[in-house]
1. So what is the relative contact order of the range 74-230, in percent, for Cα pairs below 8 Å that sit 6 or more residues apart?
2. In Å³ and rounded to a whole number, note down the convex hull volume per residue for the Cα atoms of the range 74-230.
3. First measure r as the distance between the Cβ atoms of residue 230 and residue 187, then evaluate 1/(1 + (r/R0)^6) with R0 = 25 Å and state the FRET efficiency to the nearest 0.05.
4. Convert each backbone phi in the range 75-86 into a coupling constant with the Karplus relation 6.51 cos²θ - 1.76 cosθ + 1.60 (shift: θ = phi - 60°), then list the ³J(HN,Hα) values in order as whole Hz, x for Gly and Pro.
5. Taking 0.36 nm per intervening residue step and subtracting the Cα-Cα distance, what contour gain separates residue 75 from residue 112 on full extension?
6. With unit charges on the beta carbons (Lys and Arg positive, Asp and Glu negative) and the dipole taken about the Cα centre of the range 74-230, which residue among 174, 138, 82 sits farthest to the positive side?
7. Considering the dipole of the range 74-231 built from charges on the beta carbon (Lys and Arg +1, Asp and Glu -1) around the Cα centre, which of 117, 152, 92 is farthest to its positive end?
8. Any chance you could list the semi-axes, whole Å, largest first, of the equivalent ellipsoid that the Cα gyration tensor gives for the range 81-161, using √(5λ)?
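What follows draws every value from the coordinates through simple rules; no lab data is involved. Predicted, not measured: the structure shown is a model, and the values here were computed from it. Methodologically, a virtual Cβ is constructed for each residue, glycine included, from the backbone with ideal geometry; neighbour enumeration extends over all protein chains shown.
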Amino acid sequence: MPVTGQRRRPAEPTRRGVFVIGGGLLLAPAVAVLLGQDRTAQSVAPRPQARAQPPGMEPASTPPRPPGWMPGVLRKPIGKNFRRGGRSGQQGLIMHVQEGEGSLFERFSDPSTRSSAHFWVSQAGVIEQYISVHDRAWTQGAGNVGWASLETSGFASKPLTTAQVASVARVYAWGAREHGWPLEVADSPDGRGLGTHEMGGASWGGHACPGPIRAGQRDAVMRRVRRLSRV
Ligand SMILES: [Zn+2]
């Protein structure tokens, strides 16, 4: 669980509804007006030519994936409760236990919690990503600089489900490929690999997280990562 845990508050209305198509359409005339005013300015740099599209058609290509975001998972940027950049390197991934169930998007979007993690994995194996791994999440105190973080839904008294083991392995295999996380289990803040919140001790918040049952499943996760990494 995150270092800065607080009492769960009632869920706030989601802000996802803000990004309605109508808002974009309203902006379009304003942009056109600005471009029109620029016509007489000599210092305006040439703009790249927009690809011609038949009226009403979407561009053929999808926008490029921003760095540090995993493909094929639910991308839910929280926009707060983290620091842009601020990573010293990529030592690996820290596994946490939520001590609860359900997506952490709303909680991590609430500025009063001052806590976050890069990833969350449901008991059914659904993966949500809230922060680019190039940015610093607020999860494990002094361990936020060198390590990415992943919350697992459920409780320390219960093992990760088979689906969770598979999904944690997917996240780790991506990190190994993209960010050089080594294919091993880590047991020290100075090490590298798949570690636990508990291994950081007091400077990481002094949590017994994710508990011995889930910490002991890291070997099974890593065996799966190695299989994924061979293909
Ligand atoms: Zn934790």
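1. For the range 74-230, the relative contact order is 27 percent.
2. 96 Å³
3. 0.55
4. 8, 10, x, 8, x, 7, 6, 7, 10, 5, x, x
5. 11.1 nm
6. Ranked along the dipole, the leading option is 174.
7. Of 117, 152, 92, it is 92.
8. That gives 21, 14, 11 Å for the three semi-axes.
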